[in-house]
Amino acid sequence: MATRCSFENSNEIGVFAALTNSYCLTGIGGSENFYSIFESELSEHIPVIHATIAGCRFVGRTTVGNRRGLLVPNTTTDIELQHLRNSLPDSIVIQRIEERLSALGNIVSCNDHVALVHPDVDRETEDVIADVLGVEVFRQTVGGQALVGSYCKFTNQGGMVHPRTTVEDIEELSSLIQVPLVAGTVNRGSDVLGGGMVVNDWSAFVGLDTTGTEISVVESIFKLSGRGQQQGQSNIVTDMRSSLIDQLS
């Protein structure tokens, strides 16, 4: 299920939160409302952690991770790193990374198996991503945009890409990361998918401005609807199709 929320009147919740299958990070804000929305949905399954990176709240854009690990930029202080190590499950590997392009969330998009990275990242960074996150790394652009983390979002179930991505590019990316992809938007037409939503294999959070149509696309491609609900929907479609065929025949 996809949940609408905002961070202090900002719909760019992907800037202030990071979500994987084994933990969730949220920026420290003036209001606890943002944190409590994540906690009510996720706390039974995974830890939800208040964090800052280099004293700043935009943890979603500066970090990147999956169920195996978390990468943080070299601007992260020792105290912040220790707080993350204490709060995250012991199985999660946390690594500080020396990378010129330090907004890791903008330049890397990954699930538990594959990572797409900005074409200009350092060779060492590519190796660290592969080691810590346990993924295959591909240098890619999405819809002509080098910031793959901002314009592409995918999980182990499916993914969304920049709305101006060509059909050929979508097919190429889909075969590369081995999940179905669709072009789409969030927050009533925003193409910055990484900034507008956070998603894992069973839940998604989108900005408050996101329309019902956009939410239905998100729930469909990331396979977030309940099994029964999906079955019901497919039955309705089948019934409608058969009745239409009866009418036409």
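The values are calculated or read from the model by the stated rules, or taken from the named source; none is laboratory data. Since this is a predicted model, take the numbers as computed values, not measurements. We place every Cβ from the backbone using ideal geometry, glycine too, and count neighbours over all the protein chains shown. When the accessible area is computed, the model is the full protein with side chains, heavy atoms only, and any ligands, DNA or RNA have been set aside. Shrake-Rupley method; radii C 1.70, N 1.55, O 1.52, S 1.80 Å.
Surface composition of the chain: carbon plus sulfur atoms hold 50% of the accessible area, using a 1.4 angstrom probe and ignoring ligands, DNA and RNA. Axis of helix 78-87 versus longest Cα principal axis of the chain: the two differ by about 50°, to the nearest ten degrees. When the square roots of the Cα gyration tensor eigenvalues are ordered a ≥ b ≥ c, the ratio a/c for region 21-79 is 1.5 or more and a/b does not exceed b/c, which makes its shape oblate. Measuring spread by the Cα atoms of region 152-206 yields a radius of gyration and Dmax of 10.8, 29 Å. Projecting label points 7 angstrom from Cα along Cα→Cβ for Asn33 and His83 puts them 2.3 nm apart. Using a probe of 1.4 angstrom and keeping all protein chains present, the accessible surface of the chain works out to 46 square angstrom per residue. Each principal axis of the Cα cloud of region 92-144 was evaluated for its coordinate range; sorted largest first, these ranges are 33, 24, 17 Å. Taking the Cα atoms of region 1-132, the ratio Rg/Rh between the radius of gyration and the Kirkwood radius comes to 0.94.
Computed on the chain, with alpha-carbon pairs under 8 angstrom and 6+ residues apart, the relative contact order is 20 percent. Packing order of peptides 35-44, 77-86, highest average first: 35-44, 77-86 (average count of other Cβ atoms within 10 Å over each peptide's residues).
Over all Cα atoms in the chain, the spread is summed up by Rg and Dmax: 18.5, 72 Å. Considering helices alone, the calculated mean residue ellipticity of the chain at 222 nm is -10500 deg cm²/dmol, with DSSP H runs of length four and up weighted by -39500 (n - 2.57) and normalised per residue.
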